Amino acid sequence: MKNSYSLKSKICLSLALILAAVTSSFAQEPAWKVTLDKGVEWTRYTPNKILLIGSSDWGLHGVDATNGKLLWSNEDLYNSAKAIKGADGKNQKYTEALIQVLTDDSDPKVSDFAVIKYTDWVSVKNFVVLNLRTGEVVTSPAKAGFPTQKVLTSLKAMGSETATFNYEGSAYIPELKAVMVSGTWIDIKAQGTPSYQLTKLIDLESGKELWANDQVNANFEPLITEDGNLFLLGDNIASKVDAKTGKVLWSYAVAEKKNTFQSFGANLNVTDGYIYQKKGSNGLLTALDLNSGNVKWEKELSSKDAPMLSAEHYGVIAADEKNFTLFDSESGEVKWTAKKLDGVVVDMGGEHGIAVGEKGKYLTVLDKHTGEEKWSEKIKGIEIDQLTGAGIMYRNEDGSIGLFDFDGKPIWDGKNMIKGETVLRAKPSMIEEIFYANGKIYNVDLITGEKRVIIDDIKFKEKETPDQLEYTGTNFVLSSSQNMLGFDDSGRVLYQGHWPSPKISLAGRIALRTVQVAALAMTVASSAAAGANHNTYSNVSYNKYGEDYKRQADFYSGIADGMAAAAGKRFKATISRGTNSFILTDVGDGNGLVRVDKVSGKSTGEIKLNDKEPTFDSDPENGMIFYKPSKKEVHGYVF
């Protein structure tokens, strides 16, 4: 890290700006300016008022967003990322997607840190945890003392040195506010080429090593168990360790040294775990009590490929190339086997059955006790969307939204589906969801399945199509580049505003709106459940979508048992960060940005930029703008 990096920070907090703030007039001069020797590729505003700037030489810079002071610069973090190819075979571009700013609703300090993690799954991999206030590396495999090795980058030459570590097993653990780094390696220079393993836990805030253990490793994401300890799954050993000390509480190894663990599943409470390992031409499925480490049962499978394991409280479903089999959680006995099924598995709660979005063609529901098909509907491009109190919501290949009840009867399908080229949605609670499609706004009762049109025939000026629907915590806002419509859940229109677009190119307006919507999307969780219910990389644990399905099943089945209130406490309404929207329009005798309050729909400030196609980032909470007037500059504006 270099604190200078030949970067000039120019701070112009002028008397005119101060006087302007006092007299409530609108400032036209920036509060501060930052100039780079290299070009500005991207900016990213973080919750703790740090503006990250990526430069054209793949450097990363931290700026205090309140005053423009350069805090740090580092040109080494992304060196290896330059070699990574994109989906088109060309080298990927340097974007803000290569950094993950950490967040924790209960602890704002966590947002002082970010994870830089990327790989091409061949020769390039990197993992760094960075302090965004100081620019210091909190930890990385190299800083944690893991051995380095040369990486082969071509057939003729060896590449630069990189630290040895397990990419998927090294991660930030939110529950512990700590970072795990784990690795395995072989010393090819030593007699007998001995193998080694090492796992370390690092405190996020201080960077201090909490513990190290050379008897365990993780090649999959670490899992927090029911009692607050850690379950680690390596290539050939599964271990539970004390989260505070790193002491091994129990371990389970592969049946033979040449075997490796290939897939894993755990129930939502993380009390039962299921591990599959290849054993000769067959495989072995083992059920473990994750509290004690005791083997509950083992079953040999004839699978050629590693099965996908979907764990429920009553058992585990193993889906391979041929069979879809449910094993009893306690005995391991086969409850049933279904043929030629694949896709996302969703337990619908109670006695409603197990839903499978099969091969993108069928929505099939099985009896969880017998495996017999309860009902099946052919739907092109089927994706299970979410569970409701009335049944299962789904999307088809057109993106239209439909709803079946638990017995397979359509509540709304065909012409009654929510249809349109653009379907937008906002979910203020577990019992209600608002949709926009084809000029209409719908209120959907997620308990009964009732769908009502609450606003009809919406038309925006300049023939714009709405591209964002959000819930502010007070009201709903439907918006496009130059239009905003505020309303409540009954359909009462609170305001409708239009700010004429300046005379800029269509491409410029599209680019501007893309930045605005993308910034919002990073802070507002989608209400739609995704088409996967396990961890993307390792199948070790439920990701947020899988947890959504499980919570929905618990919630809606709980209603029948009078438990809705308790289950409802698990859900927190989605609220967008900040109540400001920024619209490019005519300002005085030029053009600029108008700040609009999304609750009232009123303009609360403006900044003249005189740029027909501005590139900017924003702080929607405090109303700041970070504008890129040239290739090498960023200006900070305060309304």
### Query
Is it the case that segment 433-453 has a residue that's surrounded by fewer than 18 Cβ atoms within 10 Å (Cβ to Cβ), under 24 Å from the mean Cα position of the chain (by Cα) and in a strand (DSSP E or B)?
no
### Message
Give all pairs with beta carbons closer than 7 Å in which a residue from segment 376-401 that is among the acidic types (Asp, Glu) meets a residue that is part of a strand (DSSP E or B) and open to solvent by 30 Å² or more (accessible area, probe 1.4 Å); count only pairs at least 6 apart in sequence or on separate chains.
### Response
377/362; 383/395; 385/395
### Message
Given (1) within 26 Å of residue 344 (Cβ to Cβ); (2) in contact (Cβ under 8 Å) with a residue 40 or more places away in the chain; (3) in contact with a strand residue (DSSP E or B) (Cβ under 8 Å, 6 or more places away or on another chain); (4) open to solvent by 10 Å² or more (accessible area, probe 1.4 Å), identify the lone condition not met by residue 290.
### Response
(4)
#### Entry: Answer from 300, 351, 330, 321 - the residue that is modelled with pLDDT of 85 or more, within 29 Å of residue 260 (Cα to Cα) and part of a loop (DSSP other than H, G, I, E, B)
330
### Task
Could you list all residues from segment 76-95 that are crowded, with 17+ Cβ neighbours inside 10 Å and either of a type outside the set (Ser, Thr, Tyr) or touching a residue at least 60 places away in the same chain (Cβ under 8 Å) (or both)?
77, 80, 81, 84, 92
### Query
Taking segment 132-166 only, how many residues are of a type outside the set (A, V, I, L, M, F, W, C), open to solvent by less than 30 Å² (accessible area, probe 1.4 Å) and either at pLDDT 90 or above or under 17 Å from residue 76 (Cβ atoms) (or both)?
6
### Task
Filter segment 259-290 for residues that are in a loop (DSSP other than H, G, I, E, B), modelled with pLDDT under 90 and over 22 Å from residue 199 (Cα atoms) and give the result.
267, 268, 269, 280, 281
## Note on the structure
Pairs returned, first residue in segment 409-438 that is on the phi > 0 side of the Ramachandran plot, second residue that is assigned to a strand (DSSP E or B) and of a type outside the set (Lys, Arg), beta-carbon separation under 6 angstrom, 6 or more apart or interchain, are 420/437
### Query
When you look at residue 225, is it open to solvent by less than 60 Å² (accessible area, probe 1.4 Å) and in contact (Cβ under 8 Å) with a residue 60 or more places away in the chain, yes or no?
yes
## Note on the structure
Log entry, pairs with first residue in segment 243-264 being without any contact (Cβ under 8 Å) to a residue 24 or more places away in the chain, second being assigned to a loop (DSSP other than H, G, I, E, B) and surrounded by 17 or more Cβ atoms within 10 Å (Cβ to Cβ), beta carbons closer than 6 Å, six or more apart or on different chains, reads 254/236
### Task
Hey, can you tell me all the residues within segment 471-486 that are of a type outside the set (A, V, I, L, M, F, W, C) and either assigned to a loop (DSSP other than H, G, I, E, B) or under 15 Å from residue 440 (Cα atoms) (or both)?
472, 473, 474, 475, 479, 480, 481, 482, 486
#### Entry: Residue match in segment 294-312 (condition: surrounded by fewer than 17 Cβ atoms within 10 Å (Cβ to Cβ), over 21 Å from residue 279 (Cα atoms) and out of contact with any helix residue (DSSP H, G or I) (no Cβ under 9 Å at 6 or more places or on another chain))
no
### Query
So residue 215 clears everything in (1) buried (at least 16 other Cβ atoms within 10 Å of the Cβ); (2) closer than 22 Å to residue 176 by Cβ except one condition, right? Which one?
(1)
### Query
For residue 243, are the conditions met, namely being modelled with pLDDT under 95, within 27 Å of the chain's Cα centre (by Cα) and buried (at least 17 other Cβ atoms within 10 Å of the Cβ)?
no
### Query
Restricting attention to segment 361-399, which residues are surrounded by fewer than 15 Cβ atoms within 10 Å (Cβ to Cβ) and out of contact with any strand residue (DSSP E or B) (no Cβ under 8 Å at 6 or more places or on another chain)?
380, 397, 398
### Summary
Expected single match for modelled with pLDDT of 85 or more, on the phi < 0 side of the Ramachandran plot and assigned to a strand (DSSP E or B) among 345, 316 is 316
#### Entry: Filter result for residue 217 (in contact with a Gly (Cβ under 6 Å, 6 or more places away or on another chain) and within 19 Å of residue 148 (Cβ to Cβ))
yes
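So that you can scan it fast, the table gives a plain yes or no per residue for (1) more than 30 Å from residue 364 (Cβ to Cβ); (2) modelled with pLDDT of 95 or more; (3) not charged (D, E, K, R):
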{"site": "394", "(1), (2), (3)": "no, no, yes"}
{"site": "412", "(1), (2), (3)": "no, no, yes"}
{"site": "417", "(1), (2), (3)": "no, yes, yes"}
{"site": "424", "(1), (2), (3)": "no, yes, yes"}
{"site": "450", "(1), (2), (3)": "no, yes, no"}
{"site": "460", "(1), (2), (3)": "yes, yes, yes"}
{"site": "474", "(1), (2), (3)": "yes, no, yes"}
{"site": "482", "(1), (2), (3)": "yes, no, yes"}
## Note on the structure
Flagged pairs (Cβ under 7 angstrom, 6 or more apart or on separate chains; first in segment 33-49, within 15 Å of residue 93 (Cβ to Cβ) and open to solvent by less than 60 Å² (accessible area, probe 1.4 Å); second part of a strand (DSSP E or B) and among the small types (Gly, Ala, Ser)) are 39/55; 40/55; 42/54
### Task
Look through 389, 399 and report the one residue that is among the small types (Gly, Ala, Ser) and within 19 Å of residue 345 (Cα to Cα).
389
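The values are calculated or read from the model by the stated rules, or taken from the named source; none is laboratory data. Note that the coordinates shown come from a computational prediction; the quantities given were computed from them, not determined experimentally. Cβ coordinates were reconstructed from backbone atoms using ideal geometry, including for glycine residues, and neighbour counts include every protein chain displayed. Quick note on the areas: whole protein, heavy atoms, side chains included, nothing else; ligands and nucleic acids left out. Shrake-Rupley method; radii C 1.70, N 1.55, O 1.52, S 1.80 Å.
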